[in-house]
Amino acid sequence: MELTGGEPDCVGYDAKTGDYIFYDCAAESPKERRSLCYDRQALNARKENKPKDCVMDMAVAMGIELLTEEQYRELQELGNFDTKTSSWLQTPETIRKLGGAIFGDFRYNHVFIYHNGAESYYAARGFRGCLKV
């Protein structure tokens, strides 16, 4: 996570599995993980101006999982993250099948979860990860 601008921090312990849980706790979505569409299907669907990669492939290559909406809300309880950026989140299959993907940010003292087409990508949108050790 550090190689792409992230700041992993231990946020919990799973007593059932014995795993320590790390989330990416960088103040803003890591710079080296921005400007990416959601998944390989979305990347392949773009005809023009394709981004360099997609979130899901990059997360797998890094050995991390994308934060879920629940994990993202837990992260926001630890501080104010993504006040200027946003982060793609694991998207329910029912939404993804319809072409969408979800992302979150923190504005106006509130956690917002939004949607976009999975093919979209923005300079201020990246992703955060979870690692269990």
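Laid out as a table, the results:
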quantity: The chain, relative contact order in percent, only Cα pairs under 8 angstrom and at least six apart counted; calculated: 32 percent
quantity: Accessible area, probe 1.4 Å, largest first, for residues Cys54, Cys10; calculated: Cys10, Cys54
quantity: Extended-chain gain in nm, criterion 0.36 nm per residue less alpha-carbon gap, Glu2 and Ala61; calculated: 19.9 nm
quantity: Amide H contacts under 5 Å for Ala26, placed H, 5+ residues apart; calculated: Glu7
quantity: Karplus-derived HN-Hα couplings along the stretch 36-45 (A = 6.51, B = -1.76, C = 1.60, θ = phi - 60°), whole Hz, x at Gly and Pro; calculated: 10, 7, 5, 9, 4, 4, 5, 4, 5, 6
quantity: Residue-normalised accessible area of the stretch 4-93, given per residue in Å² at a 1.4 Å probe; calculated: 54 Å²
quantity: From phi via Karplus (6.51, -1.76, 1.60), per-residue ³J(HN,Hα) for the stretch 124-133 in Hz, x at Gly/Pro; calculated: 9, 10, x, 8, 10, x, 10, 10, 10, 10
quantity: Efficiency of FRET from Cβ geometry, Thr94 and Arg46, R₀ 25 Å, rounded to 0.05; calculated: 0.65
quantity: Residue list for the stretch 93-133, given a label point 7 angstrom along the Cα-to-Cβ vector of Thr83 and an amide N cut-off under 14 Å; calculated: 106-111
quantity: Potential extension, Asn109-Ala15 segment - 0.36 nm per residue separation minus Cα distance; calculated: 30.6 nm
quantity: In order through the stretch 89-103: 3J(HN,Hα) via Karplus (6.51 cos²θ - 1.76 cosθ + 1.60), integer Hz, x for Gly, Pro; calculated: 10, 4, 9, x, 4, 5, 6, 4, 4, 8, x, x, 8, 10, 8
quantity: log10 of Debye I(q)/I(0), alpha-carbon scatterers only, for the chain at 0.14, 0.15, 0.16 Å⁻¹; calculated: -0.58, -0.66, -0.75
quantity: Amide H partners (placed H, <5 Å) of Asp19, local residues excluded; calculated: Asp14
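The values are calculated or read from the model by the stated rules, or taken from the named source; none is laboratory data. Predicted model only: the values in this text are computed from it and were never measured. Methodologically, a virtual Cβ is constructed for each residue, glycine included, from the backbone with ideal geometry; neighbour enumeration extends over all protein chains shown. Side chains included, ligands, DNA and RNA excluded: accessible areas come from the protein's heavy atoms. Shrake-Rupley method; radii C 1.70, N 1.55, O 1.52, S 1.80 Å.
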